Amino acid sequence: MKYIDKKLTIENTKIQNIAYKFGTPVYCYSFSQLKQNIINFKRSFQSFSPIICFSIKSNSNLNLLREIGKLGLGADVVSMGELMLAVKAGIKPKKIVFSGVGKTSNEISYAIDRKILLINAESISEIKEIERIAKSKKRKVKIGIRLNPNTDANTLNQISTGKKDDKFGVNKKSFIKVIEYCKDSKNLELECLSVHIGSQILDYRPYEKMLKVVDNIIKKIDFKFKYIDLGGGMGIPYNKNSKKLNYTKYNSIIKKFLKKNKSKIIFEPGRSIIGNAGILISKVIYIKNSERKCFIILDAGMNDLMRPALYGANHRILPSIKNSKMSKKIYEFVGPICESTDKFSTLTKFQELKEKDFIAICDTGAYGMSLSSNYNIRPKVTELLIKKSKIKVIRKRQKYKDLI
Ligand SMILES: *Cc1c(COP(=O)(O)O)cnc(C)c1O
C-alpha cells in the first residue's frame, strides 16, 4: 500500500475507487503481497525445505486458497469444513494436516478416507478413537501427536496455546505413554511430533525453548519421527514501531536441532502468510462529538473484524485521502454494533475526517473475514483480490435474503 498524489492505493488501485465501485465495508487482498510473503517464508527456511501447510483458519477464502495452493503450499485444517475447502481448492491431501482438540468421529472418518498427510491428535482418547475408526476401515493411519511443551510464547494470553494450563496437546508424561501405545498398534502409524505454542509470536526465544523441550523428549523416548511439525505462530508487525520476528535466528535454531534429529520439518503458518496482504475498507457514516473525544462511527463493525473486541488487538488505520489538517480531538473509531467493545482504535493524532470519508484498517488479511459473523443480522462483506491491477470479486456480499 502506498499514497500516490495523496490517495491511498493498494497495488496501484485507489482505495476510494474500490469503495465507490464495490461498496463498503469491503475486504481487499493484494496478490503481490501474498506471493512475496510466501517467497520470503520459503527463503527463510530454504536450507531444509520444510513442508509448509497454510493455516486455513486464518483466512478461508476459496479463491485465495487456490492461489496459495498454486504457490506451493499445503494446508493445516482444524475442522471437516476446512478439510473439504482445502480439497476443493485443489490442495493435494498428501499436503494436508489436521489439527484440533475436539475432532469428532465424523471428522476423523472423513480425514482417513481422504488419505491426508497426518492427523495430529491431541489426547489419548482421540488416539483411541482414530485407532477404532482405522480398524473398522482396515487401515493403518498416519498420525502425529501434539505435545504441550509448557512454554510461554510471550504473546497475548488469549492466543497462547503451549502452556500447561492451555487445553492443547498432551503433556510430557502422557506423551511418553502415548508413544508406547502407538508402537503396539496395528492401525496407527506414528510419524509426527507436533507443537504449536501460540500466535503472533515476535520473539524467537519461545521457539528456542520449545525446541529444547522437543529435543529432550525425543532423547528420552528413543523414537525417530519422520516429521516434526513446529506449527505456526510467526507474528507480524501491526504497528510502525513493533518488533519483528527474527527469522534468521529461528532458522539457525532449527538447523541446530536438525543436526541431532533427522526429521522433515512441517510449518503451519497463517498470519505471516496472509496477515499484511489484506485490508478492510470502511466508510465514516457519522461523526459524533462527546466531551472528551470524537466518535468516528464506521460502517464496519466487530462482526466484520473481531480481533480488537476479542483480544484488544490494534490495527493501523489510514485515511483514503491524505490532508494536512490534524484533528483537535481524540478520535475513537467505532462500529455500529450494539456492544461497547465494538471499537477499533483510539487515536490522539489523526488527520481531520469528514462524514462519508473512507478509511482502511490495515493488516486484516488474517483472522479478519474468517472470524467474522452475522451478529446483529449483518451480511458478511465482499472480498476482493487485486492481481496486476485487475480486481476480482472472490466472495460476494451476502444478501439479506440469505439471512432472513
Ligand atoms: C492457528 C494455528 C496455526 C496458525 O497460527 P498463525 O499464528 O496464524 O501462524 C497453526 N497451527 C495450529 C495448530 C493452529 O491452531
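Just so it is clear, none of the values below were taken in a lab; they were calculated from the coordinates. Keep in mind that this is a model prediction, so the values were computed, not measured. Note that we place each Cβ from the backbone using ideal geometry, even for glycine, and neighbour counts take in every protein chain shown.
Helix 31-44 and the longest principal axis of the C-alpha atoms of the chain enclose an angle of approximately 40°.
Helix 205-221 and the longest principal axis of the Cα set of the chain meet at an angle near 10°.
Taking all Cα-Cα distances within region 53-119, those exceeding 18 Å account for 24%. Here the 3J(HN,Hα) profile of region 270-281, calculated from phi with Karplus coefficients 6.51, -1.76 and 1.60 at θ = phi - 60°, is x, 3, 5, 8, 10, x, 8, 8, x, 10, 10, 9 Hz, Gly and Pro shown as x. Reported to the nearest whole Å, the Cα centre-to-centre distance from region 280-352 to region 95-148 is 44. In terms of the mean number of neighbouring beta-carbon atoms within 10 Å, the peptides 292-298, 194-200 order highest first as 194-200, 292-298.
For the chain, a Gaussian network of Cα nodes joined below 10 Å ranks 100, 69, 335 by mean-square fluctuation, and the top entry is 100.
Sorting 76, 203, 184 by the number of Cβ atoms found within 10 Å of their own Cβ, with the fewest placed first, yields 184, 203, 76. Counting only residues at least eight positions apart within a chain, or on another chain, the lysines with an alpha carbon under 27 Å from that of residue 138 are 88, 92, 94, 95, 103, 115, 128, 177, 183, 186, 224, 226. Each of 290, 109 was scored by other Cβ atoms within 10 Å of its Cβ. Arranged with the fewest first, they read 290, 109. No solvent, one uniform scatterer per C-alpha: report log10 I(q)/I(0) for region 132-189 via the Debye equation at q = 0.15, 0.17 1/Å, two decimals. Result of the Debye calculation: -0.56, -0.66.
Taking amide hydrogens as placed 1.01 Å from N in the peptide plane, the amide H of residue 190 sits under 5 Å from those of 143, each at least 5 positions away in sequence or on another chain. A cut-off of 5 Å between modelled amide H atoms, ignoring neighbours fewer than 5 places along the same chain, links residue 264 with 227, 228. Phi angles across region 11-25 convert, under the Karplus curve 6.51 cos²θ - 1.76 cosθ + 1.60 with θ = phi - 60°, into 3J(HN,Hα) values of 6, 6, 9, 6, 4, 4, 5, 4, 4, 5, 6, 10, x, 10, x Hz, Gly and Pro given as x. Over the chain, the hull volume per residue, using the convex hull of the C-alpha atoms, is 144 Å³.
What is the dipole size for region 1-77, taken about its Cα centre, with +1 at each Lys and Arg Cβ and -1 at each Asp and Glu Cβ, in debye to the nearest 20? Walk me through the intermediate numbers first.
Numbers: 11 positive and 4 negative charges, 38 e Å.
Computed charge dipole of region 1-77: roughly 180 debye.
Roughly how big is the chain's charge dipole about its Cα centre, with Cβ charges of +1 (Lys, Arg) and -1 (Asp, Glu), in debye to the nearest 20? Walk me through the numbers on the way to the answer.
Details: 78 positive and 36 negative charges, 245 e Å.
Around 1180 debye, computed over the chain.
Could you list log10 I(q)/I(0) for region 3-137 at q = 0.14 Å⁻¹, which the Debye formula gives when each Cα is one point scatterer? The computed values of log10 I(q)/I(0) come out as -0.75. The dipole here belongs to region 90-230: it is taken about the Cα centre, uses +1 on the Cβ of Lys and Arg and -1 on the Cβ of Asp and Glu, and is about 620 debye.
Give me 160, 272 ranked fewest to most by other Cβ atoms within 10 Å of their Cβ, as a rough exposure proxy. So the residues, fewest neighbours to most, are 160, 272.
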